[in-house]
1. Name the single residue, out of those in region 28-37 being more than 28 Å from the chain's Cα centre (by Cα) and not in a loop (DSSP other than H, G, I, E, B), that is farthest from LEU154 (Cα to Cα).
2. One residue is enough: does region 88-99 have a residue meeting the conditions touching a Phe, Trp or Tyr at 6+ places or on another chain (Cβ under 9 Å), of a type in the set (S, T, N, Q) and closer than 21 Å to VAL41 by Cα?
3. Checking the condition aromatic (Phe, Trp, Tyr) and at pLDDT below 90, which residue from PHE319, PHE338, PHE294 passes?
4. All but one of (1) within 14 Å of LEU166 (Cβ to Cβ); (2) under 23 Å from the mean Cα position of the chain (by Cα); (3) free of Cβ contacts under 8 Å to residues at least 24 places away in the same chain hold for TRP49, so report the exception by its number.
5. Can you name the residue in region 317-333 that is under 14 Å from MET272 (Cβ atoms) and of a type in the set (Val, Ile, Thr) and is also surrounded by the fewest Cβ atoms within 10 Å (Cβ to Cβ) among such residues?
6. Only residues that are surrounded by 13 or more Cβ atoms within 10 Å (Cβ to Cβ) and of a type in the set (A, V, I, L, M, F, W, C): list them for region 31-47, please.
7. Would you confirm, using the coordinates I've provided, whether ALA54 is among the aliphatic types (A, V, I, L, M), modelled with pLDDT under 80 and assigned to a helix (DSSP H, G or I)?
8. List pairs: first in region 90-119 and within 23 Å of LEU244 (Cα to Cα), second part of a helix (DSSP H, G or I) and of a type in the set (Lys, Arg), Cβ under 8 Å, 6+ apart or cross-chain?
Amino acid sequence: MVFLLLLVYAGYLLILRRLVEILWSQLHRVNVDSLFFVLWVLLGIAFFWLYPLADSGSFGFFSDREEGLDISVRALLNGNYPYLCRAQSGVHIGCPSEGNSIAAMPGAFLLSAPVILLFGGAGWLSLFSLGMAYWGFKTYFGDDKRALVYLFSLLAGAPIMLAEVLTGGDHLANLLWVCMPLVLLLKDPGRKAAPWLSLLLGIAMSWRGVFWLLVFPVLAHFIAQRRWREMVKPVIYAVLGFVLVTLPLVLWQPEHFTPWQVQQRFSLYEHMLPHAGFLIPLATIVSGTLLGWFAPNREALLIACGWVLLLPVLAGATFNSIQLGRPTLLFYGWYGIFAIVFWSLPVPAFSSRWPATENTRS
């Protein structure tokens with residue numbers, strides 16, 4: 001059945017490729033910003049219809065991703081320490097005493113708070129993050145047509161991206177808020193908006209610890225290219241943004257700052273690999289550093305960033321499969337979403353090196 005699904009998916013991608021070619025050839029006839037807005041509204045209507053079903057568990061899928069953000073932000077607004085609460089699937093208000101520990105770090109609360117206050121829940125976060133991503137990719141590509149086709153290709157070609165939006169998850173939002181300022185800084189570290197982008201990057205890095213791994217290939221690349229001076233100010237501003245948003249909640253009640261424990265899942269496999277909680281991140285850091293060091297250009301660096309985010313996912317899936325006695329991507333597979341954007345940006349069809357043309361065959 002899995003093999004059959006893969007064949008169906010491969011056929012779907014071939015059809016999608018042709019649809020994307022047709023879309024590209026017709027974009028000169030329409031206002032691209034308006035077309036994106038229409039598609040975004042249609043996606044919002046689908047979210048408005050499907051999210052309540054997903055949130056209630058009607059699809060057989062349960063999660064506490066956005067619930068944790070809703071509970072934490074409301075706790076902060078009431079002057080309470082958010083990490084004393086627990087996250088439960090389908091529970092968006094109050095301070096549950098049972099459930100999973102809050103995993104998100106303080107940057108997630110700051111970036112999701114406007115959406116929660118305006119729309120009542122963090123489930124809308126990934127949808128609105130797509131709007132931010134469109135404007136960011138327009139700047140990165142220097143072409144609104146590429147930005148639209150790129151986002152359309154991601155959502156249509158990678159089902160997990162669309163599923164993340166429609167089920168209200170925050171993984172895609174986390175990825176986009178880290179990726180957008182980072183790729184714009186990689187393209188031009190000295191751009192006028194670099195301080196603000198760096199601050200935003202620092203805040204977004206205070207969400208999930210896995211994104212800290214990006215530091216190693218990026219710094220290794222700029223040091224190897226003898227361009228490390230270009231990154232000094234962005235790094236300072238990013239560290240400042242991270243510290244300003246994270247340190248207050250750490251110092252408030254350090255013994256209850258649950259992300260330290262929740263985000264160290266490799267310790268679950270130390271009965272198979274002694275010191276797994278230390279060795280797996282270390283191996284990832286070394287691999288990412290080497291990939292970044294030998295990356296000859298920005299495209300190769302983006303691929304290195306994708307690998308450094310995927311390697312922990314592969315390690316987790318491998319150990320989980322061994323533990324269960326069968327190959328599985330249960331739990332860990334969803335986190336593969338983090339590598340998708342970094343791997344797809346260098347694709348020649350989207351790369352800024354591809355000349356803008358209305359002739360799709362060119």
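1. Only one residue tops the list, namely ARG29.
2. So far as region 88-99 goes, no, none of its residues is touching a Phe, Trp or Tyr at 6+ places or on another chain (Cβ under 9 Å), of a type in the set (S, T, N, Q) and closer than 21 Å to VAL41 by Cα.
3. When all the criteria are applied, what remains is PHE319.
4. Among (1) within 14 Å of LEU166 (Cβ to Cβ); (2) under 23 Å from the mean Cα position of the chain (by Cα); (3) free of Cβ contacts under 8 Å to residues at least 24 places away in the same chain, TRP49 violates only (2).
5. Filtering first and then ranking leaves ILE322.
6. VAL32, LEU35, PHE36, PHE37, LEU39, TRP40, LEU43, ALA46, PHE47
7. The answer is yes for ALA54.
8. Note: pairs meeting the criteria are ILE116/ARG74.
The values are calculated or read from the model by the stated rules, or taken from the named source; none is laboratory data. Just so we're clear, the structure is a prediction, and the values are computed from it rather than from any experiment. Reconstructed Cβ throughout: ideal geometry from the backbone, glycine too, with neighbour counts over all protein chains shown.
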